[in-house]
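Scroll down for the structure; my scribbles are underneath it.
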Amino acid sequence: MEAAQRRRLSVIASHLRPITITPTSPISRSDCNSCSDSEKQCNLETDCIFCKIIRGDAPALKLYEDDECLCFLDNNPVSPGHCLIIPRCHFPSLVATPPSVVAAMCSKVPYISKAVMKATGSDSFNLLVNNGVDAGQVIFHTHIHIIPRRARDCLWASESLKRHPLKLDQEALHLVNNIRQQLSFVEGFEDSKDHGTTLIGS
């Protein structure tokens, strides 16, 4: 099996393989009922491993927790310090997660990533969300990966792929206009800027 395939399998299996813990592991019981009444998406599915971790029914090596989210080490990391940030409420994907919950998760990224990089002796990290089956999502409870990186660790096959500059043509303009049109239909999305329809813009 090629190295790239092994790495991909490792990422997918990272959510499936249980971890062995000792009685001294920093594991604490959490209460998923901390979701507010207005968060009707707080659906404690019995088969969701992340909901089990939140309830304290499954083990996890926790790094950080508060009333909104939880961070713990990935069971099968692609690099030392690879961890996940999850919301305490159950949402099946990032697009199904309310913006306020996404904001709460993302607000912890600088704090947690700095600690992880310092503890692992790295100075870089990837922030990764697999949203949907075709993007590699295998646990359908919103989560953000923080993956510490080192020089020449070659974690992603895509890093060796040549990238091509975006062509500023009618096809690109059509794509931009189509995305902007779709944004106007997204509930709760407000854009305070008039972007216009030029090919080159901010």
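The values are calculated or read from the model by the stated rules, or taken from the named source; none is laboratory data. Since the structure is predicted, the reported quantities are computational estimates derived from the model, not experimental observations. Here the Cβ positions follow ideal geometry from the backbone for every residue, glycine too, while neighbour counts run over all protein chains shown. Note: areas computed on protein heavy atoms with side chains; ligands, DNA, RNA excluded. Shrake-Rupley method; radii C 1.70, N 1.55, O 1.52, S 1.80 Å.
Of the residues in segment 49-76, how many are within 17 Å of Ile144 (Cβ to Cβ) and basic (Lys, Arg)? Selection size over segment 49-76: 1. Condition first: open to solvent by 60 Å² or more (accessible area, probe 1.4 Å), in contact with a strand residue (DSSP E or B) (Cβ under 9 Å, 6 or more places away or on another chain), within 27 Å of Leu183 (Cα to Cα) and part of a strand (DSSP E or B). Can you find one or more residues in segment 115-128 that meet it? Checking segment 115-128: at least one residue is open to solvent by 60 Å² or more (accessible area, probe 1.4 Å), in contact with a strand residue (DSSP E or B) (Cβ under 9 Å, 6 or more places away or on another chain), within 27 Å of Leu183 (Cα to Cα) and part of a strand (DSSP E or B). Screening Ala103, Ala96, Ala135, Ala119 for residues that are closer than 22 Å to Arg55 by Cα and not β-branched (Val, Ile, Thr) leaves exactly one candidate, Ala96. Taken together, the criteria exclude Ser113 from residues that are under 17 Å from the mean Cα position of the chain (by Cα), within 27 Å of Val186 (Cβ to Cβ) and among the polar types (S, T, N, Q).
Here Arg88 clears all of (1) crowded, with 21+ Cβ neighbours inside 10 Å; (2) charged (D, E, K, R); (3) farther than 15 Å from Leu70 by Cβ except the condition numbered (3).
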